[in-house]
Amino acid sequence: MPEPIELWWERRRFSRGVEVPYEPGTYAEAWASFPVLALQYRPEMNRGILLSQVPPAADVYLTWLCDAGHVFVATPDEQRHRPGRVRRRSSWCPECLELANPRPVIRNGLEGPVAVVRPGRERPTVQVCTKTPSLPAGQPFTSVCAPKPASAVEGELRAGLGERLLYTQGLNAVRLVKPFFEHLEAWPDIVLPELRVAIEYDSTGRHGLEHVGKKEEADKRKDRALRSVGWEVVRLRDGHLPKLGPHDIRVHGFNKKVFDRLFDELRAIRGDLMVDAYLRH
């Protein structure tokens, strides 16, 4: 079963009994037949491990970035067996490939032509949830629709902030102007209402599929929606996930240094005097 690259690398280090199980260039010749993949592979998104250090048959999740800017996760075997190496570059990205080959519309059990939205035609009306209270745009509140926190790290982050910062706790949503996935509200992991800053913790999850590809695009939309109503966003991005915004921080677990870096970003956003006024002494 494929595993995240950090676990795969540590397992190889242990099994081979060396610090670097595969030296750079070990598999350069094996990957030479796939120049497009060599361009799509980004070491900075894969714990700094080079593609030439990864066996083509390795059962590991790698993070790739296509020319169109799509970030996605796939194993070496999945990438090597996408449509032939002489075809267009988009064939190597699952999202580009899906956009180039839209699915046919099914009506009454029969397959019909692909639906194409022409310029000037009306788009389907979005059904907006009616449970969002009528509040000014940018107002934080407690939402009945927001999902309950599911991450243990998120709880650790919230507890650490509560020990260091005086802020109104219990709020989990910000009122928006335009719908975001059928809601006129966004649900940050942590809401700092006094500073009007939303904090998010992002990791790739157990299977390496969270906050990449389409989910990353949703994160970007969420950030734009919050900024449009006067909020700023700080994302704590686990290791190999790239930064999405100017104040994002790449982390490897939580310790005092992470909180120090977080408060530095809060000061950069709202100023020393405002942030320090809410610090617990």
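The values are calculated or read from the model by the stated rules, or taken from the named source; none is laboratory data. The model shown is predicted, which means the values in this text are computed figures rather than measured ones. Cβ coordinates were reconstructed from backbone atoms using ideal geometry, including for glycine residues, and neighbour counts include every protein chain displayed. Please note that ligands, DNA and RNA were not included when accessible areas were found on the heavy atoms of the full protein model with its side chains. Shrake-Rupley method; radii C 1.70, N 1.55, O 1.52, S 1.80 Å.
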What are the residue pairs meeting all of these: first residue in segment 58-69, first residue farther than 16 Å from Pro21 by Cβ and touching a residue at least 24 places away in the same chain (Cβ under 8 Å), second residue of a type in the set (Val, Ile, Thr) and open to solvent by 10 Å² or more (accessible area, probe 1.4 Å), Cβ atoms under 6 Å, and 6 or more apart or on different chains?
Tyr61/Val73; Thr63/Val73
Would you please list the contacts, defined by Cβ atoms under 8 Å and residues six or more apart or on different chains, that run from a residue in segment 1-23 that is part of a loop (DSSP other than H, G, I, E, B) to a residue that is hydrophobic (A, V, I, L, M, F, W, C)?
Pro2/Val60; Pro21/Trp9; Tyr22/Val54
In segment 207-231, anything in a loop (DSSP other than H, G, I, E, B), open to solvent by 20 Å² or more (accessible area, probe 1.4 Å) and either among the small types (Gly, Ala, Ser) or in contact (Cβ under 8 Å) with a residue 40 or more places away in the chain (or both) is listed as His207, Leu209, Ser228, Gly230
Among Val234, Val258, the single one that is more than 9 Å from the chain's Cα centre (by Cα), among the hydrophobic types (A, V, I, L, M, F, W, C) and either under 23 Å from Glu6 (Cα atoms) or part of a loop (DSSP other than H, G, I, E, B) (or both) is Val258
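Every residue, every condition in (1) loosely packed, with under 14 Cβ neighbours inside 10 Å; (2) assigned to a loop (DSSP other than H, G, I, E, B), yes or no:
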{"site": "Ser143", "(1), (2)": "no, yes"}
{"site": "Glu154", "(1), (2)": "no, no"}
{"site": "Leu157", "(1), (2)": "no, no"}
{"site": "Leu161", "(1), (2)": "no, no"}
{"site": "Gly170", "(1), (2)": "yes, yes"}
{"site": "Val177", "(1), (2)": "yes, yes"}
{"site": "Pro188", "(1), (2)": "no, yes"}
How many of the residues making up segment 13-57 are of a type in the set (D, E, K, R), over 27 Å from the mean Cα position of the chain (by Cα) and either crowded, with 18+ Cβ neighbours inside 10 Å or under 21 Å from Gly239 (Cα atoms) (or both)?
2
Among the numbered criteria (1) closer than 27 Å to Ser143 by Cβ; (2) in a helix (DSSP H, G or I); (3) of a type outside the set (Asp, Glu), which single criterion is violated by Leu273?
(1)
What pairs can you find where one residue is in segment 133-149 and farther than 15 Å from Leu226 by Cα, the other is open to solvent by less than 30 Å² (accessible area, probe 1.4 Å) and part of a loop (DSSP other than H, G, I, E, B), and their Cβ atoms are less than 8 Å apart, with a gap of 6+ or different chains?
Ser143/Thr132; Cys145/Thr132
Quick test of your reading of the structure: Phe254 fulfils all but one of (1) open to solvent by less than 20 Å² (accessible area, probe 1.4 Å); (2) touching a Leu at 6+ places or on another chain (Cβ under 7 Å); (3) aromatic (Phe, Trp, Tyr). Name the failing condition by number.
(1)
Test Tyr201 against the criterion of being assigned to a loop (DSSP other than H, G, I, E, B), under 22 Å from Ile249 (Cβ atoms), aromatic (Phe, Trp, Tyr) and at pLDDT 85 or above, and give yes or no.
no
Scanning segment 36-84 residue by residue, those part of a helix (DSSP H, G or I), out of contact with any Ser or Thr (no Cβ under 7 Å at 6 or more places or on another chain) and among the small types (Gly, Ala, Ser) turn out to be Ala38
Do we find that Gly170 is under 28 Å from Ala277 (Cα atoms) and touching a Ser or Thr at 6+ places or on another chain (Cβ under 7 Å) in this structure?
yes
